[in-house]
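The values are calculated or read from the model by the stated rules, or taken from the named source; none is laboratory data. Given the structure is predicted, the values throughout are model-derived calculations rather than measurements. FYI the Cβ positions are ideal-geometry reconstructions off the backbone, even for glycines, and counts take in every protein chain you see. In case anyone asks, the SASA skips ligands and DNA or RNA and just uses the protein heavy atoms, side chains included. Shrake-Rupley method; radii C 1.70, N 1.55, O 1.52, S 1.80 Å.
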Amino acid sequence: MDRILITGFEPFLGHPVNPSALLAEALDGTVVAGARVSGVQLPVSYDGAGGAFAAAFDRVRPDAVLLFGLAFEEESIRLERVALNLDDTTHPDNLGQIRRGRPIAEDGPVGYWSTLPLDTLADRLTEAGFPARTSRDAGGYLCNHLFFRARHLIAGRGLAVPAGFVHVPPLEEQVADRPGRTGITLLRLVEAARLMLEVVVQESRTAGT
């Protein structure tokens, strides 16, 4: 495994900062477990996210893909199991578009499983002191949309590229005025992401032996 593509989203829904974008920026150009990381920020747009991902995928030609997004109400790192073929939320994207009960790909399956080693990732994160858990699906907004589009592209090309979606909690400063909330520092978030990348590389190399 030589190349890893990670993505984050631009700010959305009134949040001035999106830690997933800062994470992608911080890891862009670094090397983790011998693999070079390319970090890309994607638009929060139904019409733009999939195309921007495809362009990044074609440019990087990654051996693994980790997609990151913000779950503002979360305190844990949330590893998503399933991408559903469904846009379904009352929240507008950054261009004002709302999608309710709409398939993402008319010719696509009901959903795709994550192909990341989710249980191993959750265990390793927890052992390292990071709050982490698995989750059934990535919801009905842009995070799920991108997750599905990424897996659909990879499956459609017949590629064996591990890919999945990870929701991250807000930064400390984003919830400083909310009683009971802790958030996470960007430094700790980067550390958690590096650990996840290390696990993905190690698991891939083990599977290839």
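Computed values, structure above
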read-out: Filter result for the condition that a residue is part of a helix (DSSP H, G or I), open to solvent by 10 Å² or more (accessible area, probe 1.4 Å) and in contact (Cβ under 8 Å) with a residue 40 or more places away in the chain, over A56, A26; value: A26
read-out: Selection count where residues are touching a Pro at 6+ places or on another chain (Cβ under 7 Å), surrounded by 20 or more Cβ atoms within 10 Å (Cβ to Cβ) and in a strand (DSSP E or B), scope segment 1-23; value: 2
read-out: Restricting segment 130-146 to residues that are among the aliphatic types (A, V, I, L, M) and touching a Leu at 6+ places or on another chain (Cβ under 7 Å), the residue that is surrounded by the most Cβ atoms within 10 Å (Cβ to Cβ); value: L146
read-out: Test: residue in segment 59-73 that is touching a residue at least 40 places away in the same chain (Cβ under 8 Å), touching a strand residue (DSSP E or B) at 6+ places or on another chain (Cβ under 8 Å), under 21 Å from Y141 (Cβ atoms) and not aliphatic (A, V, I, L, M); value: yes
read-out: Members of segment 155-174 that are assigned to a helix (DSSP H, G or I) and under 20 Å from D137 (Cα atoms); value: A155
read-out: Filtered residue count, segment 76-94, keeping only those that are hydroxyl-bearing (S, T, Y) and in contact (Cβ under 8 Å) with a residue 12 or more places away in the chain; value: 2
read-out: Selection count, segment 33-53, where residues are open to solvent by 10 Å² or more (accessible area, probe 1.4 Å), outside any strand (DSSP E or B) and touching a strand residue (DSSP E or B) at 6+ places or on another chain (Cβ under 7 Å); value: 1
read-out: Residues of segment 112-129 satisfying the condition of being more than 12 Å from the chain's Cα centre (by Cα) and either in a helix (DSSP H, G or I) or surrounded by 19 or more Cβ atoms within 10 Å (Cβ to Cβ) (or both); value: Y112, P117, L118, D119, T120, L121, A122, D123, R124, L125, T126, E127
read-out: Test: residue in segment 90-110 that is open to solvent by 10 Å² or more (accessible area, probe 1.4 Å), within 19 Å of H167 (Cα to Cα) and either assigned to a strand (DSSP E or B) or touching a Cys at 6+ places or on another chain (Cβ under 7 Å) (or both); value: no
